[in-house]
1. Suppose only helical runs count, i.e. DSSP H with n ≥ 4. What mean residue ellipticity at 222 nm does that imply for the protein assembly as shown under -39500 (n - 2.57) per run, divided by all residues and rounded to the nearest 500 deg cm²/dmol?
2. In terms of the ratio Rg/(2.2 N^0.38 Å) built on C-alpha atoms, what value belongs to the protein assembly as shown?
3. Bin all alpha-carbon pair distances of the stretch B:64-144 at 5 Å intervals from 0 and give each bin's fraction as a whole percent.
4. Along the principal axes of its C-alpha atoms, what lengths does chain B span, in descending order and rounded to whole Å?
5. Running Debye on the stretch B:18-170 with equal point scatterers at the Cα sites and no solvent, what base-10 log of I(q)/I(0) appears at q = 0.15, 0.19, 0.20 Å⁻¹?
6. Cα gyration tensor of the stretch B:287-458, axes a ≥ b ≥ c as square roots of the eigenvalues: rounded (a/c below 1.5), prolate (a/b > b/c) or oblate?
7. Ranking A:182, A:127 by Cβ neighbours within 10 Å, fewest first, what do you get?
8. What's the ranking of B:85-93, B:289-297 by average number of surrounding C-beta atoms within 10 Å, highest first?
Ligand code: SF4
């Protein structure tokens, strides 16, 4: 996994509430046996019309908005627990999702795949969505170490599981994390 | 405050604690089999990570193996390729494999204790939920998912939150004909299939103290069926005597030193549990299940209870039983005596004892599937195979067999099977098959009579 320390980018506003994992990646794309390629189909049924033509009304198809930060409405990632949703978003690629609430399992899946879900207050989210929609060049900075998100509208801090924070800062997943503890584990083994 | 048995073994394996996060738990033994290991091997190979401790990993083939003609090439292409992959993965990574046909081959939860791989005070994991079996030795043993199999491969450790602690105490004397399987079916029927969720369960009291290792394994095996992460019983003389002299057990002075340590693995008098239950042994009768989860159990001479719950009704509809009915005299065409719950030598002794000189009913297919090659050997040495032959039972080769019907051993649609296994879920033993869980004694009696009978009446 890639390290995540600080990150600055513009963002894509998608102020819809209750976006479920079926919208993020429709069930018909789940048959693949590895994790690659899901990014192509993220929000598939919003990005494309029924006849497979591009839906120009959808924000991902609007060149005004760019960046690897997605700002989404309340309760993002609800519905089925499929990890494919996190793979699809990370594969698109997004590095950060901002919302005022994330579904629990989605949050865990995102963190395990190097995708940072940032929970902000509903007021901050509302202001942020407005700012970015009006001024697409608004740049947002995330400082994971300090757990802050800042842009022209102000600074807000966010919470993150301390273990997952260490993982992201170092670019580890559980396997990498355990391997990083090799010396300690070996010392433990020797003491047995 | 004192420590519980679980605390003592768990805490002894904590390498490190992540502040506000999980603990790193060291794993002494990692058991693997053909079904849940291939993706984990692949995950490591992709990232070029070597297996940390192949010497602490032991493999067997059991879930997908045929139980007849094991010397011939495997017919089913899926099973064959899984077994080939396991062989190749073990070879590449220097992992000991007791594959099909090997003298130590068997169901992972039967062969490991038999070989002395399972020992008190250990932490043991396997990509299989019934790993809880090994807790019978006073070890912490639990099933893990494939991504966790990969974690253990990579580091010999797991990241885990420590579970809560529960104790179930059963005191008193068991009635004649009441076996360890009845004890655990009774407990699950009393507590339900969710009572153990989030807990590690210690079984304590006279009943477990007086139980053989085989019986303790049967009990701990089904801990998962009440939702518990695992079950365990404090090691004692019965445990030490069982372990002593087994192939991978410590020898001589090392053994004595180990025993001295193992003796400390008891719950302190002032230790506290998050949850406690007490039962009276004399209340327990031979049990059967009537529904499609292991908590739907009754004494064999009881009637099916009434419940309005739609899932309860759906379950009875699947089984084609009615609330208020007794199951006595229900005709049964299939009897399966096997699985990691009840396929140890003691189970076959119980069966042999009962069927000796009797004949199975002509309508019954009676499958005896030993848990391991070692069990087969013992059956032959003790001459039990002759008894089974004469009684018309079919003695097959070791494997998981009809416990999960992944191989050819399936119960036909609509048929009832009195089974010594651990799960009576819809379709578990074959599409549309109807499973009635029971002890080896009840299963043997059913095979002889061709129907469910109150076996206690015969014994008294
Ligand atoms: S016998 Fe049944 S429960 Fe035991 S390991 Fe095999 S499939 Fe699982």
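Values quoted throughout were computed directly from the atomic coordinates according to the rules given, and no laboratory measurement underlies them. Computed from a predicted model, the values in this text were never measured in an experiment. Here the Cβ positions follow ideal geometry from the backbone for every residue, glycine too, while neighbour counts run over all protein chains shown.
1. -9000 deg cm²/dmol
2. Numbers: Rg = 27.7 Å, N = 652, 2.2 N^0.38 = 25.8 Å.
Ratio of Rg to 2.2 N^0.38 Å for the protein assembly as shown: 1.07.
3. P(r) for the stretch B:64-144, in whole percents per bin: 3, 13, 20, 21, 20, 13, 6, 2, 0.
4. Principal-axis extents of chain B (Cα, largest first): 57, 56, 48 Å.
5. -0.78, -1.18, -1.29
6. Because a/c hits 1.5 or more and a/b exceeds b/c, the stretch B:287-458 counts as prolate.
7. Details: A:182 14, A:127 17.
Fewest-to-most ranking of A:182, A:127: A:182, A:127.
8. B:289-297, B:85-93
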